[in-house]
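Step one of this worksheet: look at the structure below.
Every read-out reported here was derived from the displayed coordinates using simple, explicitly stated rules and does not represent laboratory data. Quantities reported herein were computed from a predicted structural model and do not represent experimental measurements. Note that we place each Cβ from the backbone using ideal geometry, even for glycine, and neighbour counts take in every protein chain shown.
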Amino acid sequence: MSEQENVEQPDEGATNESNEVTADEAVVEHDIAALLAERDEFKDIALRLQADFENYRKRVAQVQADEVDRATGRIAEALLPVLDACEAAFAHGSDGVEPVWKSLLGALSTQGLKAYDLLHQPFDPATAEAVMHEPGDGGEPVVVEVLRTGYEWKGRVLRAALVKVKG
């Protein structure tokens, strides 16, 4: 053999093997990219579902809180005649009724009941109903007498006051 023949010639099998490795690497790279894209898609779906569930949970909690407020508001509304009777008894000089009236009003106030103080205030049809009217100077109507106290329950009118208006 001559020196030129001793130089090793590249083996055709080695070339084929390196081409196969490159092809396999390309398939693996493609599979990894596809898996990463699929993972990101599932992650987005999971995050969206988590946000939807959190919104649902908040909405249900708000609906339940509103239902509780309405139910307690109905109880407070049912107690308004008792408050009216206590107020009338106190106005007619019954001494023993004041502690009960103040206690009941205090307990309901801590839960969200608010009595309107409308005397000498401008007339507001949202909080009062004018059942009597006396002529005035033609200016803005003003409440001159409260015939029945009005109440608010947690920001909404529970019962409008009955008032006498001047103006």
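Over the chain, how many pairs of lysines fall under 29 Å by alpha carbon, counting only those 8 or more apart in sequence or from different chains?
10
Got a sec to turn the phi values of the stretch 62-73 into Karplus ³J(HN,Hα) couplings, 6.51 cos²θ - 1.76 cosθ + 1.60 with θ = phi - 60°, whole Hz, x for Gly and Pro?
5, 4, 5, 5, 5, 5, 5, 4, 5, 5, 5, x
Per DSSP helix of 4 or more residues, -39500 (n - 2.57); summed, then divided by the residues of the chain. What does that give at 222 nm, rounded to the nearest 500?
That comes out to -21500 deg cm²/dmol.
Amide H to amide H, which residues 5 or more places from ARG148 or on other chains are under 5 Å from it, using H placed in the peptide plane?
Here LEU162 satisfy the definition.
Efficiency by 1/(1 + (r/R0)^6): what FRET value for PHE90 and LYS154, r their Cβ-Cβ distance, R0 = 22 Å, to the nearest 0.05?
0.30
Please order THR110, THR149 by the number of other Cβ within 10 Å, starting at the fewest.
THR110, THR149
In nm, what is the difference between 0.36 nm times the number of residues separating LEU147 and LEU119 and their Cα-Cα distance?
Full extension of this stretch gives 9.1 nm more.
Once you put a point 7 Å from the Cα of VAL27 and another 7 Å from the Cα of ASP44, both along the Cβ direction, what distance in nm separates them?
2.9
Ranked by Cβ crowding within 10 angstrom, fewest neighbours first, how are VAL163, VAL28 ordered?
VAL28, VAL163
Between ALA71 and SER103, how high is the FRET efficiency from 1/(1 + (r/R0)^6) when r is the Cβ-Cβ distance and R₀ = 22 Å? Nearest 0.05.
That gives a FRET efficiency of 0.50.
By the gyration tensor of its Cα atoms, with a ≥ b ≥ c the square roots of the eigenvalues, what is the shape of the stretch 65-134: rounded for a/c under 1.5, prolate for a/b over b/c, or oblate?
oblate
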